[in-house]
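Before any comments, here is the structure.
The values are calculated or read from the model by the stated rules, or taken from the named source; none is laboratory data. In this text, all values refer to a predicted model and were calculated from it rather than measured experimentally. Heads up, the Cβs are rebuilt from the backbone with ideal geometry, glycines too, and the neighbour counts pull from every protein chain shown. When the accessible area is computed, the model is the full protein with side chains, heavy atoms only, and any ligands, DNA or RNA have been set aside. Shrake-Rupley method; radii C 1.70, N 1.55, O 1.52, S 1.80 Å.
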Amino acid sequence: MATTELTKTDAVTVRRKKERADYQRASANAILDEALVAHVGITVDGQPFVIPMAFGRDDDRLILHGSNGSRLLKALAQGGPVCVTVTLLDAIVFARSQFHTSMNYRSVVIVGNARPITDLEEKRVAMERLDEHVIPGRAAEARPSTDAELKQIIAIEVPIDTASVKARTEGVLDDAEDLDLDIWAGIVPVTTHFGTPIAEPDLKEGVPLAVSASPYRRP
């Protein structure tokens, strides 16, 4: 069973604004469960690459997937080191000075070694977990992946273990000498809005709106 605390190593230790750091697994999971996009960083032949990807959290592992032809996935399938970053933007911070203009955010940085998921049944479960992360409830509605489809993708797991959380949640942190300036200061909250579902034009007549889309919700 995983511990309640993440593994803190030199690679994930927050050095600047240490008071914003958190190494609790629950804090990381909450951010991961809310987010939809991860930025995945690897190095191939000395060249760094950072690619945005959909992901899923399955207990204490991240699930990533892509085409068999993907350079990123091929590299990850070799079991090499990877860095995954997930960020949620909560507000734009309007300071009286340009220097203190900022953003409120919550982020997770995970480092580790990727592991390819090669067994078809294990891969099928992993893809169901990823689908459930992106669209809660959808796995029970959609057709399961066939063996042929699963063979066309590379599925990867990354342990959520060596990681750190960092968040800025304050208001404006202006210098004392700027407080009397006639310049507006405050925050503008940032929220994600999901619109009204739009059916495909080739949808058969009479097919009801999916429960997972009515309405679509994140945790």
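Some points to look at:
- Residue tally, condition aromatic (Phe, Trp, Tyr) and over 23 Å from Lys74 (Cβ atoms), over the range 8-58: 1
- Of all residues in the range 195-218 being surrounded by 11 or more Cβ atoms within 10 Å (Cβ to Cβ) and hydroxyl-bearing (Ser, Thr, Tyr), the one that is nearest to Asp131 (Cα to Cα): Ser212
- Subset of the range 173-194 (residues that are open to solvent by 60 Å² or more (accessible area, probe 1.4 Å), of a type outside the set (D, E, K, R) and part of a loop (DSSP other than H, G, I, E, B)): Leu173, Leu179, Leu181, Ile183, Trp184, Thr191, Thr192, His193, Phe194
- Test: residue in the range 127-137 that is loosely packed, with under 14 Cβ neighbours inside 10 Å and more than 16 Å from the chain's Cα centre (by Cα): no
- Some residue of the range 200-215 being assigned to a helix (DSSP H, G or I) and within 19 Å of the chain's Cα centre (by Cα): no
- Selection status of Ala142, of a type in the set (A, V, I, L, M, F, W, C), surrounded by 11 or more Cβ atoms within 10 Å (Cβ to Cβ), more than 18 Å from Leu32 (Cα to Cα) and at pLDDT below 95: yes
- Taking (1) closer than 30 Å to Pro189 by Cβ; (2) in contact with a Phe, Trp or Tyr (Cβ under 8 Å, 6 or more places away or on another chain) in turn, Glu5 satisfies each apart from (1).
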